[in-house]
Amino acid sequence: MLLVDWLYVGVFAVVGLIMAALPLALVWALAPRASLPQKQMTYESGVVPFGQAWAQFNVRYYLFGLVFVIFDVEVIYLYPWAIVFRTYGGWAFVVMLIFVGILLLGLAHAWRKGALEWT
Amino acid sequence: MVNWPLEILKAVGLAAGIFTFLAVVAAMFGVLLERKIGGWIQSRLGPKHVGPQGLLQTLADTIKLLQKEHIAPRAADAAVFNTAPLVVAVAGLMSWIVIPFGTLGERVLVVRDLNIGVVFFAAMSSITVLGILAGGWASNNKYALLGGLRSASQMISYELPLAMALIAVALEAGTLSTVGIVKAQEGWFGSFAFRQFPAMVIFLVAATAEVNRVPFDLPEAESELVAGYFSEYTGMRFALFQLGEYAEMFAMAAMATTLFLGGWKGPVLPPLVWFLLKMYLIVFLFMWVRWTYPRYRLDQLLNLSWKVLLPAGLVWIMITGYRMAF
């Protein structure tokens with residue numbers, strides 16, 4: 001049955017793409033095409049654009065990105081734990097308490113070091 | 001044995017059906033509903049002239065958008081620019097695979113009751129950010145790039161509290177299957193809206209942020225970033241972004257219904273009607289919030305996620321675990 005499940009997922013992705021592209025085909029057939037250089041200019045509040053947007057600039061949330069990766073991996077551990085919890089009961093709780101405790105300490109450390117500040 | 005051609009036909013039919021449902025009910029009438037509710041809250045009438053009571057307004061808008069010229073900036077990365085709206089629209093559709101709509105006799109109306117339903121939902125809802133980031137970057141427009149980057153930082157930040165709420169519910173129900181979670185909720189007071197109330201609050205706040213709605217609509221903040229990541233999009237490609245956004249919002253509402261409000265369960269009325277009623281209740285809540293609150297600042301937004309919702313979610317998971325173990 002598992003294979004059928006993923007067949008549905010695959011079919012949904014393909015059919016979704018086709019259905020989403022259909023109106024674009026309609027636009028291609030219906031809409032006018034009168035391209036002017038002015039129309040293809042990048043919008044910058046009506047003035048002539050200054051340089052490119054693909055310039056170097058400070059991506060300030062890379063620290064958030066790092067912390068996110070740590071917690072996202074943790075979440076992956078929590079899902080299976082939540083499912084088998086009933087089988088193991090109290091012991092599963094104690095083990096996860098230690099794991100989550102360490103992570104909360106990590107979060108507190110990141111917080112204290114200012115990694116969670118948008119400066 | 002599995003009858004493959006039949007299964008493929010069924011899948012194609014369901015996918016086309018749900019996509020049409022989303023395009024018509026979620027996007028077209030969702031936009032109309034939003035404008036009508038907005039009008040009602042702000043003591044004005046909202047759309048009124050096209051069709052009876054303005055019912056055909058968004059249909060007329062769609063026909064207009066179909067006739068609009070496709071304009072892409074010369075500086076943009078054409079391939080990425082053109083595929084980004086498709087990614088957002090398809091991601092909006094995919095979440096619906098695991099949503100149980102109701103029951104028909106003994107059968108549950110769900111496209112596929114995946115055994116990892118909840119994880120699948122979280123995964124699909126996080127694909128949207130790729131489309132938004134790609135669209136914002138490929139536009140080669142400063143407003144769009146800023147909107148796309150803001151969106152990326154916002155959506156990864158709120159994905160974690162969302163997952164925490166999902167895990168707390170999965171822990172209580174003992175399963176990741178969405179149908180199993182609905183079946184675990186018996187009666188009015190057995191619904192997880194009571195036993196998992198903090199998880200519901202976390203889920204609703206994080207869901208609002210995940211679908212970039214007010215008060216967390218920084219990626220498209222129209223008063224500072226023009227339109228954010230879709231500043232450069234015109235006509236139907238712009239409409240596809242809107243479709244994806246509304247499909248995602250309805251998916252979040254449907255998931256909140258499934259997880260916390262007991263899904264299709266309810267007395268007297270047919271299950272499908274109950275499901276739709278509950279889903280529209282949550283949709284109304286999203287819209288109510290949108291027309292009531294001002295926008296957050298980016299640092300406030302990140303603080304709320306990292307310093308409030310995330311620790312609260314972790315603590316709530318442990319409290320749920322404690323309650324179940326002892």
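The values are calculated or read from the model by the stated rules, or taken from the named source; none is laboratory data. The model shown is predicted, which means the values in this text are computed figures rather than measured ones. Cβ sites come from the backbone with ideal geometry, for glycine too, and all protein chains shown count toward neighbours.
If you take the residues in segment B:73-95 that are in contact with a Ser or Thr (Cβ under 8 Å, 6 or more places away or on another chain) and small (Gly, Ala, Ser), which one is nearest to the other protein chains (Cβ to nearest Cβ)?
B:ALA75
Please find, among B:VAL98, B:VAL119, the residue that is under 18 Å from the mean Cα position of the chain (by Cα), more than 7 Å from chain A (Cβ to nearest Cβ) and under 30 Å from B:TYR322 (Cα atoms).
B:VAL98
If I ask for residues that are modelled with pLDDT of 80 or more and more than 9 Å from every other protein chain (Cβ to nearest Cβ), which ones from segment A:52-68 would you list?
Residue satisfying the conditions is A:LEU66 alone.
Working only within segment B:146-162, note down all residues that are over 14 Å from the mean Cα position of the chain (by Cα) and in contact (Cβ under 8 Å) with a residue 60 or more places away in the chain.
Passing the criteria: B:LEU146, B:GLY147, B:GLY148, B:ARG150, B:SER151, B:SER153, B:GLN154, B:SER157, B:LEU160, B:PRO161.
How many of the residues making up segment A:70-102 are facing another protein chain (nearest Cβ under 8 Å) and surrounded by fewer than 12 Cβ atoms within 10 Å (Cβ to Cβ)?
Adding up the residues that qualify gives 0.
crowded, with 22+ Cβ neighbours inside 10 Å and of a type in the set (Ser, Thr, Tyr): which single residue out of B:THR234, B:THR257 fits that description?
Numbers: B:THR234 fails: crowded, with 22+ Cβ neighbours inside 10 Å.
Answer to the check: B:THR257.
I'd like to check something: does segment B:188-200 contain any residue that is closer than 22 Å to B:TRP306 by Cα, in a helix (DSSP H, G or I), within 8 Å of chain A (Cβ to nearest Cβ) and without any contact (Cβ under 8 Å) to a residue 24 or more places away in the chain?
no
Filter segment B:269-289 down to the residues that are part of a helix (DSSP H, G or I) and either of a type in the set (Val, Ile, Thr) or surrounded by fewer than 18 Cβ atoms within 10 Å (Cβ to Cβ) (or both) and list them by number. Outline the logic, then answer.
Initially, segment B:269-289 is screened for residues part of a helix (DSSP H, G or I), giving B:271-289.
Scanning segment B:269-289 gives B:LEU272, B:VAL273, B:LEU277, B:TYR280, B:LEU281, B:ILE282, B:VAL283, B:PHE284, B:LEU285, B:TRP288, B:VAL289.
Sort out which residues of segment A:22-51 are small (Gly, Ala, Ser) and either more than 7 Å from chain B (Cβ to nearest Cβ) or surrounded by fewer than 16 Cβ atoms within 10 Å (Cβ to Cβ) (or both), and write them in order of number. Let's see the steps before the verdict.
Taking segment A:22-51 and keeping what is small (Gly, Ala, Ser), we get A:25, A:29, A:31, A:34-35, A:45-46, A:51.
Passing the criteria: A:ALA25, A:ALA29, A:ALA34, A:SER35, A:SER45, A:GLY46, A:GLY51.
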